[in-house]
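Undergrad: This structure is in structure tokens; I'll ask about it shortly.
The values are calculated or read from the model by the stated rules, or taken from the named source; none is laboratory data. These figures come from a predicted structure and were not determined experimentally. Cβ placement follows ideal geometry from the backbone for every residue including glycine, while neighbour counts extend to all protein chains displayed.
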Ligand SMILES: [Zn+2]
């Protein structure tokens with residue numbers, strides 16, 4: 001599943017080809033996405049300059065100069081690629097023809113992703129329920145501490161709760177908790193202000209590393225044959241159950257929390 005670093009890398013990859021462009025035409029080849037594209041609004045964004053491309057949590061957003069936006073979520077298997085020629089692959093669902101002559105293609109095998117057009121200034125249901133991601137100013141220690149100080153949910157499930165903080169996926173939640181020496185089973189109200197500060201600091205550090213690692217695959221976005229590469233960052237606990245902890249040599253444990261695997265060191269994290 002694309003996590004925040006993959007989404008940020010996708011955004012950076014397509015940005016040079018989409019910024020300052022005009023969408024001349026949108027072709028919907030298969031609209032059976034998680035939420036079908038609201039085709040009635042397509043005419044609002046055709047032949048209108050794109051002002052900015054940005055990312056919020058795991059959404060990529062194109063803002064148009066006329067006050068409309070397009071939001072894209074990659075779901076489980078979605079990806080975007082830019083191509084010079086029209087040569088469709090299986091699962092290419094939505095095609096944007098750009099004024100440069102390039103085409104931007106949304107491909108999604110499992111179709112859990114979505115593309116929606118909305119009026120920028122209006123409240124938009126997909127984005128309203130999202131808390132800030134760790135890179136947003138709003139995600140400061142005061143915010144996080146106040147949101148969790150009465151919570152009896154585990155800190156692991158809090159990190160995955162996008163209403164509180166968005167963009168932290170399952171792999172990174174384990175890694176962040178290891179880096180902060182906090183046990184994933186500890187409940188929100190037992191996490192101190194200083195630990196909230198550490199969590200945010202490590203979240204940014206770990207996600208930035210993954211974004212950087214993804215930077216090397218950027219050229220692939222201009223190649224119709226290739227797909228975004230998967231991220232290889234050095235994982236310290238995730239997927240390492242039974243192996244030695246990198247700081248104390250205790251064997252890494254694996255538990256299940258809310259149906260998701262969690263990896264941690266019983267000795268280093270408490
Ligand atoms: Zn350890």
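Undergrad: Within region 131-165, can you find the residues that are assigned by TED's automatic domain parsing to the domain that holds residue 196, touching a strand residue (DSSP E or B) at 6+ places or on another chain (Cβ under 8 Å) and either surrounded by fewer than 16 Cβ atoms within 10 Å (Cβ to Cβ) or in a loop (DSSP other than H, G, I, E, B) (or both)?
TA: Once the filter is applied, which keeps residues that are assigned by TED's automatic domain parsing to the domain that holds residue 196, touching a strand residue (DSSP E or B) at 6+ places or on another chain (Cβ under 8 Å) and either surrounded by fewer than 16 Cβ atoms within 10 Å (Cβ to Cβ) or in a loop (DSSP other than H, G, I, E, B) (or both), region 131-165 yields 151, 152, 153.
Undergrad: Name the residue, out of 45, 23, that is touching a helix residue (DSSP H, G or I) at 6+ places or on another chain (Cβ under 9 Å), over 29 Å from residue 170 (Cα atoms) and either without any contact (Cβ under 8 Å) to a residue 40 or more places away in the chain or crowded, with 18+ Cβ neighbours inside 10 Å (or both). So that I can check it myself, show each step before the final result.
TA: Values: 45 fails: touching a helix residue (DSSP H, G or I) at 6+ places or on another chain (Cβ under 9 Å).
Just one listed residue meets the conditions, 23.
Undergrad: Quick one: residue 224 ticks every box in (1) over 30 Å from residue 151 (Cα atoms); (2) surrounded by fewer than 16 Cβ atoms within 10 Å (Cβ to Cβ); (3) at pLDDT below 95 bar one, so which box is it?
TA: Every condition holds for residue 224 apart from (2).
Undergrad: Taking residue 122 and the conditions (1) more than 20 Å from the chain's Cα centre (by Cα); (2) buried (at least 18 other Cβ atoms within 10 Å of the Cβ), which numbered condition does it fall short on, given that it satisfies the others?
TA: Going through (1) more than 20 Å from the chain's Cα centre (by Cα); (2) buried (at least 18 other Cβ atoms within 10 Å of the Cβ) one by one, residue 122 breaks only (2).
Undergrad: Also, I was wondering about something else. Could you please find all residues in region 259-270 being more than 9 Å from the ligand (Cβ to nearest atom) and surrounded by 12 or more Cβ atoms within 10 Å (Cβ to Cβ)?
TA: 260, 261, 262, 263
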